Amino acid sequence: RALVSDVGEALGREARSKGAHVLLAPTVNLHRTPIGGRNFECMSEDPVLTAELAVAYVRGVQSQGVMCCIKHFVANDTEHERHTISSEVDPVTLREAYLVPFEEAVAPVAAGGADVGALMSSYNRVNGVYASEHRQLLREVLRDEWGFDGVVFSDWFGTHGAAESLEAGLDLE
């Protein structure tokens, strides 16, 4: 954790030196398939390990006055048809695996979290609903249950309906 925090601090300093205010990282999706095209960006297949590393990373970066944007919310497992695929995930697996790193990163520092400043939705659908339009995940879980008051934005060109995304809790496309 200490090493990852040090890496985060170094990245935060570098981002500041370039005039950046937000770092689009970390990616905390889980390695659920060996053919996941972006596994190299992620931290682990284990949700607890990923959560601990994500918290250390975000705290390090944000200690330098640069906001982190944790991504890709949520169940973003494959590059195959990533703009249209639906990740079918039962509620228990969603809670006990996929959401764990995000929940820890969103939690206040006083509660052991990182108080991440921003979150990026994923391209995929989750149980048939596009992540950027997923009211249950964005509003009910992220905003209402977890108390996240940061910025939520889509991945590039990751929205499909402006009204649906806005009503679900997305702030920015």
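The values are calculated or read from the model by the stated rules, or taken from the named source; none is laboratory data. The structure displayed is predicted, hence computed values, not measured ones. For neighbour counting, all protein chains shown are included, and Cβ atoms are generated from backbone atoms with ideal geometry for every residue, glycine included. What goes into the accessible areas is simple: the full protein's heavy atoms, side chains included, and nothing from ligands, DNA or RNA. Shrake-Rupley method; radii C 1.70, N 1.55, O 1.52, S 1.80 Å.
Which one is farthest from the chain's Cα centre (by Cα), of the residues in the stretch 51-64 that are open to solvent by less than 30 Å² (accessible area, probe 1.4 Å) and small (Gly, Ala, Ser)?
Taking the candidates together, the pick is 60.
Might you check whether a residue that is open to solvent by 30 Å² or more (accessible area, probe 1.4 Å), over 19 Å from residue 132 (Cα atoms) and touching a Gly at 6+ places or on another chain (Cβ under 9 Å) occurs anywhere in the stretch 65-76? Give the derivation first.
Initial filter on the stretch 65-76 (open to solvent by 30 Å² or more (accessible area, probe 1.4 Å)): 65, 67.
Applying the additional criterion that residues be over 19 Å from residue 132 (Cα atoms) yields 65, 67.
Keeping just the survivors that are touching a Gly at 6+ places or on another chain (Cβ under 9 Å) gives 65, 67.
Checked the stretch 65-76: at least one residue is open to solvent by 30 Å² or more (accessible area, probe 1.4 Å), over 19 Å from residue 132 (Cα atoms) and touching a Gly at 6+ places or on another chain (Cβ under 9 Å).
Let's see how each residue does on (1) over 27 Å from residue 135 (Cβ atoms); (2) touching a residue at least 12 places away in the same chain (Cβ under 8 Å):
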{"site": "23", "(1), (2)": "yes, yes"}
{"site": "34", "(1), (2)": "yes, no"}
{"site": "63", "(1), (2)": "yes, yes"}
{"site": "86", "(1), (2)": "no, yes"}
{"site": "90", "(1), (2)": "no, no"}
{"site": "101", "(1), (2)": "no, yes"}
{"site": "107", "(1), (2)": "no, yes"}
{"site": "110", "(1), (2)": "yes, no"}
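Residues in the stretch 77-101 that are open to solvent by 70 Å² or more (accessible area, probe 1.4 Å) and modelled with pLDDT under 95: how many? Spell out the reasoning first.
Within the stretch 77-101, the subset open to solvent by 70 Å² or more (accessible area, probe 1.4 Å) is 80-81, 83-84, 88, 90-92, 95-96.
Adding the requirement that they be modelled with pLDDT under 95 leaves 80-81, 83-84, 88.
Going through the stretch 77-101 one residue at a time, the tally reaches 5.
Which residues, taken from the stretch 114-173, are acidic (Asp, Glu) and either surrounded by fewer than 22 Cβ atoms within 10 Å (Cβ to Cβ) or modelled with pLDDT under 95 (or both)?
First pass over the stretch 114-173, keeping only residues acidic (Asp, Glu): 115, 133, 140, 144-145, 149, 155, 164, 167, 171, 173.
Matches in the stretch 114-173: 115, 140, 144, 145, 149, 155, 164, 167, 171, 173.
Taking the condition of being in a helix (DSSP H, G or I) and without any contact (Cβ under 8 Å) to a residue 24 or more places away in the chain, how many residues in the stretch 139-173 meet it?
Of the residues in the stretch 139-173, 6 are in a helix (DSSP H, G or I) and without any contact (Cβ under 8 Å) to a residue 24 or more places away in the chain.
Just for the stretch 129-138: of the residues that are assigned to a helix (DSSP H, G or I) and not acidic (Asp, Glu), which one is farthest from residue 91 (Cα to Cα)?
132
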